[in-house]
Amino acid sequence: MIDVLFFGPVVERTGASLLKVEFRPGMTLGELRDELAAMYPHAFEIVCLAAVDGQHARDFATQLVDGSEVTFMARFSGG
Amino acid sequence: MIDVLFFGPVVERTGASLLKVEFRPGMTLGELRDELAAMYPHAFEIVCLAAVDGQHARDFATQLVDGSEVTFMARFSGG
Amino acid sequence: MKDQVRIQQEDFSQDEEIMALKASSMRMGGIATFLGCARDFSEGRSVSRISFDAYGSMALSEMKRIRLDAMERYDLIDARIVHRIATVSAGDNIVFIAAGAEHRAAAFDACRYMIDELKKRVPIWKKEITPEGDAWVSPHP
Amino acid sequence: MKDQVRIQQEDFSQDEEIMALKASSMRMGGIATFLGCARDFSEGRSVSRISFDAYGSMALSEMKRIRLDAMERYDLIDARIVHRIATVSAGDNIVFIAAGAEHRAAAFDACRYMIDELKKRVPIWKKEITPEGDAWVSPHP
């Protein structure tokens, strides 16, 4: 399973802060994003950053591993 | 009379923190400096700033008025 | 002694943070700090309160990384970063950053670097609670 | 409330100064501060204590002018400058400058401007007391 986390403005649009997504071998970050964007188009309008296991992920070709924690995030506004 | 004040590293070299100098009509800041520099050459080696009545004075042609408070200062090192 | 990098609900004391920062060395000649506060007005709307959401574990690890990056880049003696995650009112403290160096230029540059990087790299989001309703802040790109 | 610009013998509290700074407005989003401290080592010599001499009246009026210049130049909401004239030991506070603005860039620029101008324009001199004797500090031109 992949744990997908949402925060702040994104969770407001997905209605869920955690999704459990079935892991498929070879699955990339980009594929996961595309699937979720199709389910939550309104939320993904504001998604512009992703992280895998708490690390900024800039390469959407990255292959995920089973048990990964993935998040798709809106622009930060802390500080 | 003109009150001449010295501070910090300059007073260490003049041995006095206040001098009373006779006022002469037409006397300029530059003339006063030259007289004092002749009396205290070691102190004036480190003088690089002057003030008249608590205002930075950059023009040594400035005419002094009776009762002025003049200071000849070493480079500042506060802060 | 409190950690050099923290996310916490409660307010912090600048005196306490500076004392902790100075404890690391007697060679610190310049300390630059940045304090971010809640404003009562933003983009033309009055703001009553501000609340936050954060990806806590990642936010803390990014803040620690920013501190280490700044320490190395600007040859700091020490640095601290504290971010509150709480519901705050106008005037309240949100974030505190301190950079201590031998001389002031490095302290200023490092302090500015840390708050700029925090805004870019740390997953924290701010929601403004206004009389007209709540809105997540969308920073300008 | 203490004055915004002061020369004093006793130490100051950052918390108190920041509270006084913030009291002027709820629109202050960013506060940059600079704290200058006594170092135990300078130009290769160990320093036990630092003492000061100042042209008090001129120093205070120049500090007030620097504050006003910074307020105008950087559109600050408020600013404070405190300089101690005392005999201090390594680690002790010497000078504190705070600049409060709506946004952080102005606060940082103004804070840096004020300490840079203070060093150039304010008649205060520092004497380092070292095991080998006392020496007035000659800053690099």
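The values are calculated or read from the model by the stated rules, or taken from the named source; none is laboratory data. Keep in mind that what you see is a predicted model, and the values were worked out from it rather than measured. All Cβ positions, even for glycine, are placed from backbone atoms using ideal geometry, and neighbour counts span all protein chains on display.
Structure notes:
- Filtering the range D:4-19 to residues that are within 14 Å of chain C (Cβ to nearest Cβ), crowded, with 20+ Cβ neighbours inside 10 Å and touching a helix residue (DSSP H, G or I) at 6+ places or on another chain (Cβ under 7 Å) leaves D:Gln14, D:Ile18.
- Looking only at residues in the range B:55-79 that are in a loop (DSSP other than H, G, I, E, B) and out of contact with any strand residue (DSSP E or B) (no Cβ under 7 Å at 6 or more places or on another chain), the one that is farthest from D:Arg65 (Cα to Cα) is B:Asp66.
- Count of the range C:102-141 residues which are more than 9 Å from every other protein chain (Cβ to nearest Cβ), farther than 30 Å from A:Phe6 by Cβ and touching a helix residue (DSSP H, G or I) at 6+ places or on another chain (Cβ under 8 Å): 1
- Residues satisfying the stated conditions in the range B:65-79, i.e. touching a Gly at 6+ places or on another chain (Cβ under 9 Å) and within 20 Å of B:Met27 (Cα to Cα): B:Glu69, B:Thr71, B:Met73
- Odd one out for C:Ser24, checked against (1) out of contact with any Lys or Arg (no Cβ under 8 Å at 6 or more places or on another chain); (2) among the hydroxyl-bearing types (Ser, Thr, Tyr); (3) in a helix (DSSP H, G or I); (4) in contact (Cβ under 8 Å) with a residue 40 or more places away in the chain: (3)
- Taken across the range C:38-56, residues that are within 11 Å of chain D (Cβ to nearest Cβ), at pLDDT 95 or above and over 22 Å from C:Gly91 (Cα atoms) do not occur at all.
- The requirement of being touching a Pro at 6+ places or on another chain (Cβ under 9 Å) and of a type in the set (Gly, Ala, Ser) is not satisfied by D:Ala98.
- Single condition D:Val82 does not satisfy, out of (1) away from chain B (no Cβ under 12 Å); (2) closer than 26 Å to D:Ser25 by Cβ: (1)
- Pick from the range B:8-37, criterion basic (Lys, Arg) and surrounded by 13 or more Cβ atoms within 10 Å (Cβ to Cβ), ranking: nearest to the other protein chains (Cβ to nearest Cβ): B:Arg13
- Residue within the range D:84-97 that is hydrophobic (A, V, I, L, M, F, W, C), over 13 Å from the mean Cα position of the chain (by Cα), on the phi < 0 side of the Ramachandran plot and crowded, with 24+ Cβ neighbours inside 10 Å present: no
- Any strands (runs of 3 or more DSSP E) falling wholly within the range C:29-141 and containing at least 1 residues that are touching a strand residue (DSSP E or B) at 6+ places or on another chain (Cβ under 7 Å) and free of Cβ contacts under 8 Å to residues at least 40 places away in the same chain: C:133-136
- Residues in the range B:48-79 that are within 13 Å of chain D (Cβ to nearest Cβ) and surrounded by fewer than 16 Cβ atoms within 10 Å (Cβ to Cβ): B:Cys48, B:Asp53, B:Gln55, B:His56, B:Arg58.
- Filtered residue count, the range A:38-47, keeping only those that are surrounded by 15 or more Cβ atoms within 10 Å (Cβ to Cβ) and assigned to a helix (DSSP H, G or I): 2
- Checking each residue in the range C:51-73 for being surrounded by 21 or more Cβ atoms within 10 Å (Cβ to Cβ) and more than 14 Å from the chain's Cα centre (by Cα) picks out C:Asp53, C:Tyr55, C:Met58.
- In the set (1) at the interface with chain D (Cβ under 7 Å from one of its Cβ atoms); (2) within 21 Å of C:Gly100 (Cβ to Cβ); (3) within 17 Å of the chain's Cα centre (by Cα), the condition left unmet by C:Lys22 is number (3).
- If you check A:Ala61, A:Ala57, A:Ala38, A:Ala50 for being touching a His at 6+ places or on another chain (Cβ under 9 Å) and without any contact (Cβ under 8 Å) to a residue 60 or more places away in the chain, only one passes: A:Ala50.
- Only one of the listed residues (D:Pro123, D:Pro141) is modelled with pLDDT under 95 and within 30 Å of B:Val70 (Cβ to Cβ). That residue is D:Pro141.
- Some residue of the range C:100-111 being under 26 Å from C:Arg45 (Cα atoms) and crowded, with 19+ Cβ neighbours inside 10 Å: no
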